[in-house]
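Working notes, structure below.
The values are calculated or read from the model by the stated rules, or taken from the named source; none is laboratory data. Given the structure is predicted, the values throughout are model-derived calculations rather than measurements. Counting neighbours? That spans all protein chains shown, and the Cβs are built from the backbone with ideal geometry, glycine included.
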Amino acid sequence: MKKTKYIFLIVSFLISFSCALYVTLLFFPMNSFSKSKQENSVLAKIQDGDIIFQTSESSQCEAVRIATRSKFSHCGIIFTVNGKQFVFEAVQPVKLTPLDKWIEHGKDGKYVVKRLKNATAVLDSKTLEKMKNYGNQFMGKQYDAYFEWTDTKIYCSELVWKIYKNGADIELCNLQELKDFNLVDERVQKVLKERYGNAIPLEEKVVSPSNLSDSKLLITVLDNY
């Protein structure tokens, strides 16, 4: 008798739990179960060689957004290493950051992923390997806060541009000069003054995240802004 009662309680509990779980999934679709499934679905759309953009929060990043008239202040290139997705980025220092962690670092977790229009035909395994090998020379190098067009130090959009240029023989966009940007805003002037004093290198070649995101060679794959 006791055994029958025990089994009845277990069955009742399982039925109740199943019903509660069903109701939760039905009326609260953004619970941890569905959210995890949704995130996995999103990540599955991302491929090797994709370029990812975000807005970072700092005085320099704010100045970059203002100077380039863009919502983006940081970017990186997605590489798959040992079956896992990373963002190869120029921060301090240049490094591979797990994709999910990289997304968390952006403002409100928002990001945009773009891809070469003819990626399927151009970014074959051999080319991607060449891009990764070229990029490896920058691993661990210092972030270039002065935005100089050298390989001694490097900044985020410069890293992406050079990997595509030297690894895939593709110029994603034309280079600009520092003077081409919006430098009159006082917040931009403040950062420039801190960096260069009165000797601002106005003719220095530069490439910004916005230059890359506006490239006619790229298409948008994901946009959660």
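The set of residues in region 134-162 being closer than 20 Å to Ser56 by Cβ, buried (at least 16 other Cβ atoms within 10 Å of the Cβ) and of a type outside the set (Phe, Trp, Tyr) consists of Lys141, Asp144, Lys153, Ile154, Cys156, Ser157, Glu158, Leu159, Val160. Return the pair list, or none, for Cβ contacts closer than 6 Å from residues in region 142-154 that are in the same structural domain as Leu178 (by TED's automatic domain parsing) to residues that are among the β-branched types (Val, Ile, Thr) and part of a loop (DSSP other than H, G, I, E, B), at least 6 apart or on different chains. Filtered contacts from region 142-154: Tyr143/Val91. Residues in region 143-168 that are part of a helix (DSSP H, G or I) and aliphatic (A, V, I, L, M): 4 in all.
What about Ile66, is it β-branched (Val, Ile, Thr), assigned to a helix (DSSP H, G or I) and farther than 16 Å from Val207 by Cα? In short, no. What about Ser73, is it without any contact (Cβ under 8 Å) to a residue 40 or more places away in the chain, closer than 29 Å to Glu194 by Cα and of a type in the set (Ser, Thr, Tyr)? For Ser73, the condition - without any contact (Cβ under 8 Å) to a residue 40 or more places away in the chain, closer than 29 Å to Glu194 by Cα and of a type in the set (Ser, Thr, Tyr) - is not met.
Return the total of residues in region 169-214 being assigned to a loop (DSSP other than H, G, I, E, B) and among the β-branched types (Val, Ile, Thr). Matching residues across region 169-214 total 4. When region 84-142 is filtered for residues that are part of a helix (DSSP H, G or I), hydroxyl-bearing (Ser, Thr, Tyr) and closer than 20 Å to Ala44 by Cβ, the ones remaining, listed by number, are Thr120, Ser125.
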